[in-house]
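> This is the structure I want to talk about, given as structure tokens.
The values are calculated or read from the model by the stated rules, or taken from the named source; none is laboratory data. Nothing here was measured: the structure is a model prediction, and the numbers come from that model. Every residue, glycine as well, gets a Cβ built from its backbone with ideal geometry; the counts of neighbours run over all protein chains shown.
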Amino acid sequence: MSSSEAMSVSFRLLTQIRRIRLAVRFAWRPIHIHPTSWVSPKSIVRVCGGGAIDVGRHCEVHPFAMILTYGGRIRIGDHCSVNPFTIVYGHGGVQIGNGVRIAAHTVIIPANHNTGSDIDPLYLAGVSAQGIRIDDNVWIGSGAKILDGVRIGRNAVVAAGSVVTRSVPDNATVAGVPARVIKQR
């Protein structure tokens, strides 16, 4: 057996082992993770209050990342990474394209609390949820915050520590609080 054949057999065996581990970990839940993807056992991937989670091919969900639906659907495309201490909530839905890199400590929350009053305090006022869409080949720097109703265009870069409150055009680099376009490619 040649070395390339041995590698192919090894890859197929690894894929089968991952498939079994993922099937056991997420059994009877609306969570689908492609067997070529790696999800750390120290990450939290959970359906809360409905919704579903789909993770594509060749993705990585690193330790201490949290992916929680809160009633919405979260879809992560192929070749993506969700690094440590990243939080992705589902509320109004999150759609992440292919080739997206999400650095550590990023927060993606597709919901906003409605403002309260003396009659209806904040915790009883409810939430609004429009959803977040992140297109292909996006790089999100460490500690970025992506807020509800935002679309991040293809090939965009979100600088570390930015707070994205408005949609980002294709091929743009944004930075700041709130994030604004600092470079267009």
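> Checking the condition touching an Asp or Glu at 6+ places or on another chain (Cβ under 8 Å), aliphatic (A, V, I, L, M) and in contact (Cβ under 8 Å) with a residue 24 or more places away in the chain, which residue from Ile96, Ile67, Ile76, Ile53 passes?
Numbers: Ile96 fails: touching an Asp or Glu at 6+ places or on another chain (Cβ under 8 Å); Ile67 fails: touching an Asp or Glu at 6+ places or on another chain (Cβ under 8 Å); Ile53 fails: touching an Asp or Glu at 6+ places or on another chain (Cβ under 8 Å).
Matching residue, one of Ile96, Ile67, Ile76, Ile53: Ile76.
> I'm trying to understand the selection: among the residues of the stretch 167-185, which are over 17 Å from Gly97 (Cα atoms) and either aliphatic (A, V, I, L, M) or surrounded by 14 or more Cβ atoms within 10 Å (Cβ to Cβ) (or both)?
If the condition is that a residue be over 17 Å from Gly97 (Cα atoms) and either aliphatic (A, V, I, L, M) or surrounded by 14 or more Cβ atoms within 10 Å (Cβ to Cβ) (or both), then Thr173, Val174, Ala175, Val177, Ala179, Arg180, Val181, Ile182 are the ones that fit.
> Pick out the one residue from Val150, Val174, Val164 that is at pLDDT 95 or above, aliphatic (A, V, I, L, M) and under 20 Å from Arg73 (Cβ atoms).
On the way: Val174 fails: under 20 Å from Arg73 (Cβ atoms); Val164 fails: under 20 Å from Arg73 (Cβ atoms).
Being at pLDDT 95 or above, aliphatic (A, V, I, L, M) and under 20 Å from Arg73 (Cβ atoms) holds for just one of Val150, Val174, Val164, which is Val150.
> Given (1) on the phi > 0 side of the Ramachandran plot; (2) modelled with pLDDT of 95 or more; (3) surrounded by fewer than 18 Cβ atoms within 10 Å (Cβ to Cβ), identify the lone condition not met by Gly131.
(3)
> Any idea which of (1) in contact with a Gly (Cβ under 8 Å, 6 or more places away or on another chain); (2) within 20 Å of Met66 (Cα to Cα); (3) aromatic (Phe, Trp, Tyr) is the one Tyr123 doesn't satisfy?
Single failed check for Tyr123: (2).
> Would you say Thr106 is of a type in the set (S, T, N, Q), in contact with a Cys (Cβ under 6 Å, 6 or more places away or on another chain) and at pLDDT 95 or above? Walk me through it before giving the result.
On the way: of a type in the set (S, T, N, Q): yes; in contact with a Cys (Cβ under 6 Å, 6 or more places away or on another chain): no; at pLDDT 95 or above: yes.
So Thr106 fails the test.
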